[in-house]
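Here the structure comes first, spelled out in C-alpha cells, and everything after it is commentary.
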C-alpha cells in the first residue's frame, strides 16, 4: 500500500528558554521531512526568547509565533493545535533535539494506514555530565529496558495525532499544570483509537543538571499525579513505607531495638530496592561513582515526588470541582 501524503503541523510551547528553543527549532528545520508549519506558543517570556523565535520566523515563513502570556503548557498546546492547518499535529518540547528523520518516521504510520490516529514516538537522554546521565537512566522509561508498546504512554516530547482526534479528545486538560500529556494519553486510550508506537522516532532530551532542579521537577510531577490520581497505588506504597519508617524512628527514643529495625527498613526500602538499577547504571556509564549517585537521585526523586503527590491530593480535595469533577467529565466525554 502506498503512502497518502498528510500535511503536518509541529507545535511546541516555550517560556524563558532561548537556547533550548533555538536548539529545537534548528532540529525541526533540518528534518528530512520538513513540517508544513511550525507553531510556537510563548507563555510570557521576559528574556530574549521571543526575539530568538522572531529571527527564525523571519527566515522561515512556515514558522509562526503566538504570544500568550500567562498560559500553562496545556493551554499553550491547545492554542497551537487550534491554529494548526495540518491534518496531523506533532508535538515536541523546547530543549529537545529531534533526529533528522524524526518527523518522517513519526508521520509515516498515518500515511500508510488510514485507521491510525495516534502515534507514540520516543526519546533518549543526552546527558553531558555524570549526574545528567544517571538521572536519565534512572528515571526515564526505556533507557535501561525496552518499553512495552501496549502500555507505554508517550510524553509530548515526541508524539503525534490527527487534528480530528485532538478535537474529539477535547484537547489537553488545561486545569492541570503538570501531567497534562499523561492525562491526554489516558483519554486517547479510552477512545480505543488506532494507536502505534514508533520507537525510532526519537528526540534527544537533556535531563536536569542539579539535585535541586531534579527535586523541583519530580515535585511538580507528583503534584500533577495528586491532581489526577494516576498511579495512586504506587504513591500509597511509598507513603506507607515513609510512615512506617517515621514511626520506627520515633520508637528509637524509647528502645535501642528500634534502631536495628530502622536500619533494616532504610536499607531495604532506600538501598536494596534501587541496588540492581544502580549497579546497571554504574556498568553502563563505567563509573563507580554512578552507584551512590543513583541512590542519591532516587532518594530525591522518591521524596519530592511523594511530597508533591500529597500536596496535589490536598489541592484536589480542597478544590474537587476543578480537579476530580473536571477530570471525570474529561475522561467520560468522547
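Values in this text are rule-based calculations from the coordinates and carry no lab data. Predicted, not measured: the structure shown is a model, and the values here were computed from it. Because the Cβ atoms are built from the backbone with ideal geometry, glycine has one as well, and the counts that use them run over all protein chains shown.
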Scattering from the C-alpha atoms of segment 211-332 alone, worked out with Debye: what is log10 I(q)/I(0) at q = 0.22 1/Å? -1.17
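Averaged over all directions, how much area does the convex hull of the C-alpha atoms of segment 264-320 cover when projected, in nm²? Please list the in-between numbers first.
Details: hull surface 19.4 nm².
With the hull built on Cα positions only, its mean projection is 4.8 nm².
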Inter-probe distance in nm under a simple model that places probes 7 Å from Cα toward Cβ, at residue 51 and residue 193: 4.0 nm
Cα-based Rg and Dmax for segment 8-205, in Å, come out at 15.8, 44
How far apart, in nanometres, would the label points at residue 233 and residue 315 be if each is projected 7 angstrom from Cα along the Cα-to-Cβ direction? 2.6 nm
Describe numerically, in nm with one decimal, the distance between label points set 7 Å from Cα along Cα→Cβ at residue 279 and at residue 83. 5.3 nm
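Considering only DSSP beta bridges with both partners in the chain, what is the antiparallel share in %, to the nearest 5? Numbers along the way, then the final one.
On the way: 9 of 32 bridges.
Bridges in the chain are about 30 percent antiparallel.
Per-residue counts of other Cβ atoms within 10 Å, averaged by peptide: what ranking do you get for 310-317, 142-149, highest first? Kindly include the intermediate steps, with their values, before the conclusion.
Values: 310-317: 16.9, 142-149: 12.5.
Descending mean neighbour count gives 310-317, 142-149.
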Taking only the alpha carbons of segment 126-275, what extent do you get along each of the three principal axes, in Å, biggest first? 65, 33, 27
Given N residues in segment 1-82, what is Rg(Cα) / (2.2 N^0.38 Å)? 1.13
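How would you rank 123, 268, going from fewest to most other Cβ atoms within 10 Å of each one's own Cβ? If you can, show how the numbers build up before the last one.
On the way: 123 26, 268 11.
In order of increasing Cβ crowding within 10 Å: 268, 123.
Taking R0 as 51 Å, what FRET efficiency do you get between residue 322 and residue 286 from their Cβ-Cβ distance, rounded to the nearest 0.05? Display every interim value, and only then the final one.
Details: r = 48 Å, r/R0 = 0.94.
My answer for the efficiency is 0.60.
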For a paramagnetic label modelled at 7 Å from the Cα of residue 126 toward its Cβ, which residues of segment 55-87 fall within the zone defined by backbone nitrogen distances under 16 Å? none
Give the share of C-alpha pairs in each 10 angstrom bin for segment 192-251, from 0 to the last occupied bin, in whole percents, shortest bins first. 16, 24, 38, 15, 5, 1
How far, in nm, would the chain grow between residue 333 and residue 200 when pulled straight, counting 0.36 nm per residue and subtracting the alpha carbon separation? 44.6 nm
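Would you mind ranking 263, 66, 40, 203 by Cβ crowding within 10 Å, fewest neighbours first?
263, 66, 203, 40
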Residue list for segment 262-292, given a label point 7 angstrom along the Cα-to-Cβ vector of residue 244 and an amide N cut-off under 16 Å: 262-274
Give the peptides 91-98, 284-291, 69-76 in descending order of average Cβ contacts within 10 Å, highest first. 91-98, 69-76, 284-291
For segment 8-205, percent of DSSP beta bridges that are antiparallel (nearest 5) comes out at 30 percent
